[in-house]
Amino acid sequence: MRETNMKKILISLLFILFGTSVYADCNIKSGSINILANDFPALRTFVETAKGCKGSADFKVTHSSEHNKIAVPALTANPSEFSARIAANSSIVPLMNQDLIRPLDDLVKKYGKGIQDSQLITIDGKIMAVAFMANTQHLYYREDVLKELGIAVPKTYEEVVAASEKIRASGKMQYPYAAAYKAGWNLAEEFVNMYIGHGGEFFKTGTAQPSINNAKGVATLNMLKKLAGLSNPDYLTHDSEAIKVEWESGNVALMTLWASRSGTLLDDDGDAKITAATKLTGPATVAGGNIPAATLWWDGFTLAKNRSDADAEATFRALAHAAANKKMVADAADQAVWLIEGFKPGPKSIGVIEAVKMKAKPYPMLPQMGLMHGALGSEIVEFLQGKESAEQALKDVEAAYMSKAKEQGFL
Amino acid sequence: MGIKSPLITLMPNKTFFWFFLPTGLAMILFIGLPIISTGIQSFYAQHDQVVKEVKKCDPFGCTVSIVVDQEKTSKIREEKPLGKFNGFGTYVDRNHLAIEEIGKFWNETNSFGEFVDQVTNLPFYKALIFTLTYCLFVTPNVLLLGFIIALSLNAVTRRIRGPLIFGTILPMIVTPLVGSLVLFWMIDAEGIIGANLQMLMDDPYLSLKSSKTLTWITIIIYGIWHHSPFAFVVFYAALQTVPQEPVEAAIIDGASRWQRVRHIVLPHIYPVVTFVALISLMDNFRVFEPIIGFSAEGSAQSLSWLIYDNLVNEEVILFGSAAATSMMTIIGIAILLAPVLIRTWKEFRTAR
Amino acid sequence: MEYGLDKRSNALKIFNTTFIIVWLLVACFPFIWTFWGSFKVRADFFSRADWWYAITAFNTLLETGGKFTTDAYSQAWTEGEFWKASRNTVIVTFFVVTISLFLGTLGAYALSRSTRNYAFWILIAALIFRAMPHITLVSGYLFPFFQLQIWGILPTTIVVLVAINQPFTLWLLYSFFKTVPKELDESALIDGCSYFQAFRHIIMPVMWPGVITAGLFSLMLAYNDFTVTALLLNQENHTMVPKIQSYLGTNQHEGNLMWAVSAVVSATAPLFMLVMFFQRQVISGLTAGAVKG
């Protein structure tokens, strides 16, 4: 046993030392590249691909779960520690607010061969980021359970509620529905989704004044509460990981979960019967609306403003190499829904494709949205626990948001 | 022992200075200055953000969105990099002391109960209540349990003490991050502890995570479990310095075990007891890791959690807000520790 | 020390033994469970269907063909690059403990032997310094460190951990120095020693229990810290705890929980050795101290 382990360690050491030379060189002559990114496999693949193109440039990367916290101070310093930051539509906002990232128009023109127009994030006519993967939350269902009870695949949240009630009544499952309702970011995200599904607007047009204390907000909360009632009573502690495990244990028949987490639900590990019956469909709509109650997300790269042009150029070339890399997309088709040309959507990407077809909205990229999200995460908990009314909860959210927005200078 | 020379009992200032310089420098540079800077920043808010409407396109289509107008904002920022002076504005806003809101509740509510309800619905007071409850239950229990374990282990044969000590301090040495992750799964309704509790209580729907009371109890028990080893280690080490002779003399005099502990051991390790009490109180006041570990944000929030929330959970970092809560945490700890400190001061006076 | 002359009653002995056994069970059970579970697959150890899976190894048998598997260990150490994190942790821990103790013993000795008012106020200041939440401190460091370009490297983190730990070390050692009789150094001073010589040759030898305790806590802090290491180190220099955190995955993306579990078990083993070793030191330190005290 020990010998085989030693062998494995040696092999991986060798891989670390020499493995990278396999990739093609894109002839970058100078500059230094340093990337800040979140830490999950798809991003690691992406950065690794970019590294293959580094040529003689100096290449560093920091994958960190604390990337959000580090990003702003790191890019504010001059010169910036990182030449690039991989961000999503929510985390690009603080960088934009503080004016820390540079427009990429010239670089895209010069080195952006192979990057599709749809990958470009343009704000006020300037390219600020290049996206390479997408994500959303959508419905998962157990085909066998629904078939057995003669339930059609739900298309709306009203149908999800009816179906769950029916499953519960049949005695098959006590808590047939699951979604990541963990207090904090997750719960707020569910509210955002549902509120958008109701056609709600978070702010009065053109201002940072909150406007969620309305009929749509109340309807949203009531729907969340109905769904929570059909979930495991511990729902306020359930994050994506927890509900995924609930699913794998066969406790749940309907679930709203990130598309990016479909991988392990459909792989060979675990109960084969459950895996075979696990089916994906688009996000549900709610209250007779056409827009799904879900938000679309992208991950893309941005370049630091406070860094030399030479470094920016080297970094862009390396990252652009990955952002237009058909081979990477083909090899890592399972890891993400890539926005890159050549990606062939498999069964795991059904959710995102459906959401895009249904014209789901992207997560709002407003400068003050993070504050609203934060306020939602803690203030609607007491409504779900049955300790206060929907109106009171929404009033609390607005009050909490206003204090934060005042401190940040938005109001 | 020997003749006391008044000159020697007083350490010269110069000697003191050189002995203390390295540690003092480290503390001032990395704690003192940051505290001052945090204090200053807590009095400032961000400048007014000028926003403009722009067209925004992403992989999912184009929409009209809002961004901060950099041209207009950057000028103001350069002039006053600290931000807009806000005085105690952040301290008294709704997410902190909420002075205005409390005044309003006082005028609007009909009964005292209703008033208390309204106040405890405010984030700061909600967190304060949990924090104090946690301190109140955990600190004395940690001291007591730690001391009993130390006495018990001290009476065990030396040969097997090593592994026993290791076992005892395990709850403290394993990263709280993962310690609570594993425990979180164990106390799940389907986990080994949760399922057995259900059987024990004969209640198939019992879940430690679903109700606020049970969550609080769980966190408090975890707190005692996690912190007792700390008290144990310090007490155990202090017990090693208890001089042998008086104990033996007391045994010959026929003192009971309890009398010996009460009159010889406790007075000897007294400085260390004060120390453990101080540190435990402080650590418990800053409770926050179990809240994250047990995903208990919904039912339990502490002051430190509020700070963490402002600094980490939001896309926009609310440093002013976090700074204000941090300053209030320091003040809260100072108030809490005041009785112990006054005692230390008295001892300090008598000692010289 | 044992109370040699003490003839304890059998009832007390039995009570003592039972108490220790119960406490050890409570203290260790989660880790025995973790250790056991680290040789299973995720579907068993983190099952929501039935905790018995972790014992019967139902899925482990299905997925690996055996009841026990060391896959999590080998993968975490190689693919997960846990070896690198361990190396960094060893470096950080070693330097934090040594520097902390060096600075701490000097400072605490001075504080315990000075009877001036400022000594008391320094102690109070240290206490207030300790009250500051680490997360706020570290958030404050980030920008200056980036600007000075000292972010991400090990020395910065070591210095920060030492500084953050100083108030605690000072107070702990101060309490211990207080239990050492003043007459001891006074007689040395009368004999013509300087303060430093008295400190080095007379006081330190009897301070072993205190120093080892302080060292143990510095070690724990450096070993287990998440806030400082996760925010101040770059990926190359990440220590074990941020590494373990990275195995846990994110909201949107799956992590590798079993790596985290096996990494925790791997991280605990060296601590076992250390505790066993120093526990003996505490006792032998005592014998040396008891003679002189």
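The values are calculated or read from the model by the stated rules, or taken from the named source; none is laboratory data. On a predicted model such as this, the values are computed, not experimentally measured, just so you know. Every residue, glycine among them, receives a Cβ derived from its backbone with ideal geometry; neighbour counts consider all protein chains shown.
Of the residues making up the range A:270-299, those that are in a strand (DSSP E or B) and closer than 30 Å to A:T122 by Cβ number 6.
Given the condition without any contact (Cβ under 8 Å) to a residue 40 or more places away in the chain, in a helix (DSSP H, G or I) and within 17 Å of C:Q166 (Cβ to Cβ), answer yes or no: does some residue in the range C:181-199 qualify? Checking the range C:181-199: not a single residue is without any contact (Cβ under 8 Å) to a residue 40 or more places away in the chain, in a helix (DSSP H, G or I) and within 17 Å of C:Q166 (Cβ to Cβ). Against the test of being buried (at least 20 other Cβ atoms within 10 Å of the Cβ) and under 30 Å from B:G320 (Cβ atoms), the options A:I380, A:I340 yield a single qualifying residue, A:I380. Only one entry in C:P155, C:P181 is surrounded by fewer than 18 Cβ atoms within 10 Å (Cβ to Cβ) and touching a Phe, Trp or Tyr at 6+ places or on another chain (Cβ under 9 Å), namely C:P155.
Keeping to the range A:313-366, report how many residues are polar (S, T, N, Q) and either outside the structural domain of A:P103 (by TED's automatic domain parsing) or closer than 19 Å to A:G197 by Cβ (or both). Explain how you work it out, then say what you get.
First, pick out the residues of the range A:313-366 that are polar (S, T, N, Q): A:315, A:325, A:335, A:349.
Pick out the ones that are also either outside the structural domain of A:P103 (by TED's automatic domain parsing) or closer than 19 Å to A:G197 by Cβ (or both) and you get none.
Residues in the range A:313-366 being polar (S, T, N, Q) and either outside the structural domain of A:P103 (by TED's automatic domain parsing) or closer than 19 Å to A:G197 by Cβ (or both): 0 in total.
Does the range C:100-108 include one or more residues that are farther than 27 Å from B:F348 by Cα, in a helix (DSSP H, G or I) and within 13 Å of chain B (Cβ to nearest Cβ)?
No - not one qualifying residue is present in the range C:100-108.
Taking the conditions (1) in a helix (DSSP H, G or I); (2) of a type in the set (S, T, Y); (3) surrounded by fewer than 20 Cβ atoms within 10 Å (Cβ to Cβ) in turn, B:Y236 satisfies each one other than (3). Within the set B:L153, B:L145, B:L97, B:L170, the sole residue that is surrounded by fewer than 21 Cβ atoms within 10 Å (Cβ to Cβ) and assigned by TED's automatic domain parsing to the domain that holds B:I217 turns out to be B:L145. Scanning the range A:224-242 for residues that are more than 12 Å from chain B (Cβ to nearest Cβ) and under 23 Å from A:L149 (Cβ atoms) gives A:K226, A:L227, A:G229, A:L230.
Before we move on, is A:W185 hydrophobic (A, V, I, L, M, F, W, C) and under 28 Å from A:Q392 (Cα atoms)? For A:W185, the condition - hydrophobic (A, V, I, L, M, F, W, C) and under 28 Å from A:Q392 (Cα atoms) - is met. Among the residues of the range A:293-307 satisfying the criterion of being of a type in the set (F, W, Y) and more than 14 Å from A:A318 (Cβ to Cβ), which is nearest to the other protein chains (Cβ to nearest Cβ)? Ranking the candidates gives A:W298 first.
Residues in the range C:248-278 that are surrounded by 24 or more Cβ atoms within 10 Å (Cβ to Cβ) and either within 13 Å of chain A (Cβ to nearest Cβ) or touching a Cys at 6+ places or on another chain (Cβ under 7 Å) (or both): C:M258, C:W259, C:A260, C:S262.
Every condition in (1) surrounded by fewer than 24 Cβ atoms within 10 Å (Cβ to Cβ); (2) modelled with pLDDT of 90 or more; (3) β-branched (V, I, T) is met by A:I243 except one, and the failing one is (1). Checked against (1) modelled with pLDDT of 85 or more; (2) surrounded by fewer than 23 Cβ atoms within 10 Å (Cβ to Cβ), B:I251 meets all criteria but (1).
Within the range A:319-334, does at least one residue satisfy the condition of being within 11 Å of chain B (Cβ to nearest Cβ) and crowded, with 23+ Cβ neighbours inside 10 Å? Reasoning before the result, please.
Let us first name the residues in the range A:319-334 that are within 11 Å of chain B (Cβ to nearest Cβ), namely none.
Taking every residue of the range A:319-334 in turn, none turns out to be within 11 Å of chain B (Cβ to nearest Cβ) and crowded, with 23+ Cβ neighbours inside 10 Å.
All conditions in (1) crowded, with 24+ Cβ neighbours inside 10 Å; (2) assigned to a helix (DSSP H, G or I) hold for A:T302, with the sole exception of (2).
Filtered by the rule that a residue be small (G, A, S) and within 7 Å of chain B (Cβ to nearest Cβ), the range C:141-193 gives C:A163, C:S175, C:S187. Just one of the listed residues (A:D267, A:D311) is out of contact with any helix residue (DSSP H, G or I) (no Cβ under 7 Å at 6 or more places or on another chain) and in a loop (DSSP other than H, G, I, E, B), and it is A:D267. Looking only at residues of the range A:60-98 that are more than 10 Å from chain C (Cβ to nearest Cβ) and in a loop (DSSP other than H, G, I, E, B), we find that the one that is nearest to A:S30 (Cα to Cα) is A:S83.
Highlighted here are the helices (runs of 4 or more DSSP H) found entirely within the range B:1-104 that include at least 1 residues which are β-branched (V, I, T), closer than 30 Å to C:Y195 by Cα and without any contact (Cβ under 8 Å) to a residue 24 or more places away in the chain: B:6-9, B:13-27.
So is A:A399 assigned to a helix (DSSP H, G or I) and either free of Cβ contacts under 8 Å to residues at least 24 places away in the same chain or among the small types (G, A, S) (or both) or not? In short, yes. Scanning the range A:35-46 for residues that are buried (at least 22 other Cβ atoms within 10 Å of the Cβ) and more than 8 Å from every other protein chain (Cβ to nearest Cβ) returns A:I35, A:L36, A:A37, A:L43, A:F46.
Among the criteria (1) under 16 Å from the mean Cα position of the chain (by Cα); (2) outside any loop (DSSP other than H, G, I, E, B), the one A:H321 does not fulfil is (1).
B:L318: buried (at least 23 other Cβ atoms within 10 Å of the Cβ) and more than 7 Å from every other protein chain (Cβ to nearest Cβ), yes or no? Give the derivation first.
Numbers: buried (at least 23 other Cβ atoms within 10 Å of the Cβ): yes; more than 7 Å from every other protein chain (Cβ to nearest Cβ): no.
Answer is no for this residue.
Checking each residue in the range A:246-292 for being surrounded by fewer than 18 Cβ atoms within 10 Å (Cβ to Cβ), more than 13 Å from every other protein chain (Cβ to nearest Cβ) and under 17 Å from A:N193 (Cβ atoms) picks out A:T281, A:A287, A:G288, A:G289, A:N290. Kindly indicate whether A:E379 is touching an Asp or Glu at 6+ places or on another chain (Cβ under 8 Å), at the interface with chain B (Cβ under 10 Å from one of its Cβ atoms) and in contact (Cβ under 8 Å) with a residue 12 or more places away in the chain. Yes: the conditions hold for A:E379. In summary, A:I243 fulfils each of the numbered conditions (1) part of a helix (DSSP H, G or I); (2) in contact with a helix residue (DSSP H, G or I) (Cβ under 6 Å, 6 or more places away or on another chain); (3) of a type in the set (V, I, T) with the single exception of condition (2). Looking at the structure I just gave you, is A:I101 closer than 17 Å to A:F46 by Cβ and of a type in the set (V, I, T)? So A:I101 does not fit the description; no.
The single condition among (1) of a type outside the set (D, E, K, R); (2) buried (at least 24 other Cβ atoms within 10 Å of the Cβ); (3) over 22 Å from C:W171 (Cβ atoms) that B:V312 does not satisfy is (2).
Kindly evaluate B:H263 against the criterion of being away from chain A (no Cβ under 14 Å), of a type outside the set (A, V, I, L, M, F, W, C) and farther than 26 Å from C:A126 by Cα.
Details: away from chain A (no Cβ under 14 Å): yes; of a type outside the set (A, V, I, L, M, F, W, C): yes; farther than 26 Å from C:A126 by Cα: yes.
Against the criterion (away from chain A (no Cβ under 14 Å), of a type outside the set (A, V, I, L, M, F, W, C) and farther than 26 Å from C:A126 by Cα), B:H263 qualifies.
Condition check for B:E190 on (1) within 12 Å of chain A (Cβ to nearest Cβ); (2) closer than 30 Å to B:L128 by Cβ; (3) not small (G, A, S): one failure, at (2).
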